[in-house]
Amino acid sequence: MVGPTMIELKRIGLFTRDRDQDYRLDSMRKLFRRAGIELVADATEADGDLDLVIALGGDGTVLRALAAHPGTPVLAVNFGNVGFLTQCDRERLDNVLVRLLADDYQIEERLTLEVRLGDRRWRCINEVVIKGAVHMIEVGVHINGRHVHTPRGDGVIIGTPTGSTAYLLSTGAPIVTPEVDCIVVQPLNEYSFTSRSVIVAGSAQISLTVETGHSGDIGLTIDGGERILVEPGQIIEMQRSPKPARLIYFEADYFFRNLRERLRW
């Protein structure tokens with residue numbers, strides 16, 4: 001989904017892969033100063049709101065920037081190895097900054113998920129994974145209050161279109177273009193030859209219940225973060241988050257360009 005096409009830029013933050021990263025901070029600061037824009041060198045320590053975040057890294061850095069600044073548009077520049085979410089490689093940084101200042105860009109809004117386990121809440125950008133560490137588990141999948149399936153295997157992945165080029169990609173799930181309003185339900189190594197992905201509407205409400213499993217063996221991870229222990233019988237609920245992920249882009253075909261370059265199509 002395409003959002004507003006222009007932002008009044010007064011304050012921009014940088015979100016880098018690590019503190020030792022090599023990038024031209026001084027020249028970026030001078031460029032933005034001439035345009036009357038304050039550049040915050042470390043967006044993780046920004047006091048007050050930012051109009052834009054520039055993420056310099058791979059997809060992991062972009063995810064952390066989107067999570068740290070929900071609702072703030074992120075311009076992603078690839079300083080990593082893959083970069084499905086990035087707009088350009090580091091060699092074209094100067095070019096995209098000039099286009100940014102010339103208001104020659106669009107904002108893409110991507111579906112994210114709100115995840116609930118008991119009284120705890122998280123926002124998910126890529127995927128929610130419920131998985132047994134050692135043993136197979138059975139997970140009951142309900143969509144809009146109706147039982148759909150109880151796969152028996154390693155677990156279940158619930159992914160967004162953004163997540164279709166992350167963990168889901170390695171499981172054989174379909175690649176979903178960013179503007180498609182949907183959620184992907186993927187059994188993980190299901191013990192069945194008929195196992196298939198299910199794609200549901202982005203408005204769907206999904207719940208997962210571990211039907212069988214060993215206490216202390218079942219973990220919930222969100223966007224590859226910390227492993228959260230789940231006990232058999234607990235219910236994990238998901239639905240669209242009110243805060244989408246917002247990404248700056250310059251070329252309408254950037255998604256397919258990245259697929260061709262990263263996957264060598």
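Summary of computed values
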quantity: Among residues of the range 150-173, those that are outside any strand (DSSP E or B) and surrounded by 14 or more Cβ atoms within 10 Å (Cβ to Cβ), counted; calculated: 15
quantity: Members of the range 20-34 that are surrounded by 13 or more Cβ atoms within 10 Å (Cβ to Cβ) and either out of contact with any strand residue (DSSP E or B) (no Cβ under 7 Å at 6 or more places or on another chain) or of a type in the set (Lys, Arg) (or both); calculated: Leu25, Arg29, Leu31
quantity: Matching strands (runs of 3 or more DSSP E) fully within the range 9-123 where at least 2 residues are touching a helix residue (DSSP H, G or I) at 6+ places or on another chain (Cβ under 6 Å) and without any contact (Cβ under 8 Å) to a residue 60 or more places away in the chain; calculated: 11-16, 52-57
quantity: Residue, nearest to His135 (Cα to Cα), within the range 207-236, restricted to residues that are assigned to a loop (DSSP other than H, G, I, E, B) and of a type in the set (Asp, Glu); calculated: Asp217
quantity: Qualifying residue in the range 33-42 (condition: aliphatic (A, V, I, L, M) and under 26 Å from Glu114 (Cβ atoms)); calculated: no
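Computed from the coordinates by the stated procedures, all read-outs in this text should not be read as laboratory data. All figures in this text were calculated on a predicted structure; none of them were measured in a lab. Note: ideal-geometry Cβ built from the backbone for every residue, glycine included; neighbour counts use all protein chains shown.
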